[in-house]
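Student: One structure is given below, represented as structure tokens, and several questions about it will come after.
Bear in mind these aren't lab numbers, they're just calculated from the coordinates by the rules spelled out. Keep in mind that what you see is a predicted model, and the values were worked out from it rather than measured. Counting neighbours? That spans all protein chains shown, and the Cβs are built from the backbone with ideal geometry, glycine included.
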Amino acid sequence: MSTNGVTRVLVVDDSAYVRKVVTQMLSRSPSLEVVGFARDGREALDQVTELRPDVITCDLIMPNLDGVGFVTEQMARRPLPIIIVSVASEAGELALNALDAGAVDFVQKPTALASERLLDMSDELIGKVKAAAAARLRIAPPRQTPARAPLATPIAARGVFDVVVLGISTGGPQALRMILPQLPAALPVPMAIVLHMPVGFTELYARKLDELSSLKVCEAADGMEMLPGVVLLAPAGRHLSLRRNDRGAVVAHLDLRPLDTPHRPSVDVLFQSAADVYGGRVLGIVMTGMGEDGREGAAWIKARGGKIVTESEDTCVVYGMPRAIVEAGLSDRTVGLDRMAEAIMEHV
């Protein structure tokens, strides 16, 4: 952030209308200043050198050099917080590739057209740009680098936890790509994850995690059973909660309700339902992300006798969600990203 407390933003988009609208949105905040524009990735690289912005918003589909190419090249030159602003239906795998390359977050355009509907994303964009200004950048490893081998499954008596529930947001896609491949296929408990991600991306992202991991990773579907070695990722736009069916098996339940949560899916909803079903045998993990989602759910888990592990500040991209847990006195243990998989195995 600039010394005067104002965050300098570079807006990168091949649409003049989008550049204008994004500037109008960001100008609503006195702590944000749009200092320049670029129409493609090549121009953006030059503008970064000249203007030295604090944060960049970037489209994905552009001529000459697209958003993924720009993120990759800029992170190699001088890492900066980059927020992808694009349409889910157009972006697809490109958005996930941009996050892999080091972009810190993603904001979904409500439309690809020159329309006032673009203003619908105003509050979200302002919030994410402000969070990005304070983000710790995690440099993405080269895509061909092999993942760390899975940890060994200890031969021991049944652990004290029957489920792992994990909440994560900004910086989450990169963090989960590090953690899940380290967990063994014989993970003795099921796992459920809420990741704040735009609608249209969670199924593709779950497939990518499944390819990288020896665990079975899939987007949660209604009625899907919670099984050891299986990771369910909450679909964007719907809450994931856990409940017992008529046979006594724990299954996933998807719902639009509650409607009054800041996020859908909500970490609080997942955590509370896990505590209701599993009692004190819940291990809750809260990792990098902006906001306070997970704090109420963590309190629910603790009240039932479960435990909460938070990611340490020095490895979080944004130390918001874990900070809320720690400051509420709800964290039992704090560990860095590099030791999170190990900590999960120690507990289960």
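Student: Roughly how many Å is it from the Cα centre of region 7-81 to that of region 276-348, as a whole number?
Tutor: Between the Cα centres of region 7-81 and region 276-348 lies a distance of 34 Å.
Student: Rounded to whole Å and ordered largest first, report the semi-axes of the equivalent ellipsoid of the chain derived from its Cα gyration tensor (root of 5λ).
Tutor: Working: eigenvalues 252, 81, 71 Å².
Ellipsoid half-lengths, sorted descending, are 35, 20, 19 Å.
Student: Now a separate question. LYS216: which aspartates and glutamates have alpha carbons under 18 Å from its alpha carbon, excluding same-chain residues fewer than 8 sequence positions away?
Tutor: Within the straight-line cut-off, LYS216 pairs with ASP162, GLU203, GLU225.
Student: Would you work out which of VAL277, MET178, ILE82 lies farthest towards the positive end of the dipole of the chain, given +1 charges on the beta-carbon of Lys and Arg and -1 on that of Asp and Glu, about the Cα centre?
Tutor: Checked the options; the winner is VAL277.
Student: Of LEU195, LEU212, GLY223, which is farthest along the charge dipole of region 158-228 in the positive direction, counting Lys and Arg as +1 and Asp and Glu as -1 at C-beta?
Tutor: The residue sitting most towards the positive pole is LEU212.
Student: Amide H of VAL348: which non-local residues (sequence gap of 5 or more, or other chain) have their own amide H closer than 5 Å, using H built in the peptide plane?
Tutor: none
Student: Now a separate question. Across region 80-87, in residue order, what do the Karplus-derived ³J(HN,Hα) couplings come to in whole Hz, using 6.51 cos²θ - 1.76 cosθ + 1.60 with θ = phi - 60° and x for Gly and Pro?
Tutor: Karplus values, whole Hz, x for Gly and Pro: 9, x, 10, 10, 7, 10, 7, 9.
Student: Three principal axis extents, largest first, for the C-alpha atoms of region 1-77, in Å?
Tutor: 33, 28, 16
Student: Give me LEU256, LEU45, LEU195 ranked fewest to most by other Cβ atoms within 10 Å of their Cβ, as a rough exposure proxy.
Tutor: Details: LEU256 9, LEU45 18, LEU195 24.
If I rank by nearby Cβ atoms, fewest first, I get LEU256, LEU45, LEU195.
Student: Now, a different point. Per residue, how much space in cubic angstrom lies within the convex hull of the C-alpha atoms of region 158-212? Each step should come with its number before you reach the end.
Tutor: Numbers: hull volume 4.7 nm³, N = 55.
So the per-residue Cα hull volume is 85 Å³.
Student: Now, a different point. Can you list residues whose amide H is under 5 Å from GLU219's amide H, if they're 5+ apart or on another chain and H is modeled 1.01 Å from N?
Tutor: Distant-sequence amide H within range of GLU219: LEU233.
Student: So for each of 27-38, 313-324, 223-234 I average, over its residues, the number of other beta carbons within 10 Å; can you give me the resulting order with the highest mean first? Working shown, then result.
Tutor: Details: 27-38: 16.7, 313-324: 21.7, 223-234: 19.4.
Listed from highest to lowest mean packing, they are 313-324, 223-234, 27-38.
Student: What percent of all Cα-Cα pairs in region 7-133 falls in each 10 Å bin, counting up from 0?
Tutor: In order of increasing distance, the bins hold 15, 52, 32, 2 percent.
Student: Here is a follow-up. Starting with the fewest neighbours, write out ASP40, ASP123 ranked by other beta-carbon atoms found within 10 Å of each beta-carbon. Before the final figure, lay out the partial values.
Tutor: On the way: ASP40 19, ASP123 12.
Placing the least packed residue first, the sequence is ASP123, ASP40.
Student: Calculate the tail of P(r) for region 163-347: the fraction of all Cα-Cα distances greater than 28 Å, expressed in %.
Tutor: Details: 2006 of 17020 pairs.
Within region 163-347, distances greater than 28 Å cover 12 percent of Cα pairs.
Student: Multiplying the sequence separation of ARG244 and ARG28 by 0.36 nm and subtracting their Cα-Cα distance, what value in nm do you get? Could you put the intermediate results ahead of the total?
Tutor: Details: separation 216, 0.36 × 216 = 77.76 nm, distance 4.69 nm.
Computed gain between ARG244 and ARG28 is 73.1 nm.
Student: Ordered by residue, what ³J(HN,Hα) values in Hz, to whole numbers, does region 327-334 give under the Karplus form 6.51 cos²θ - 1.76 cosθ + 1.60, where θ = phi - 60° and Gly and Pro are x?
Tutor: 5, 7, x, 9, 8, 8, 7, 10
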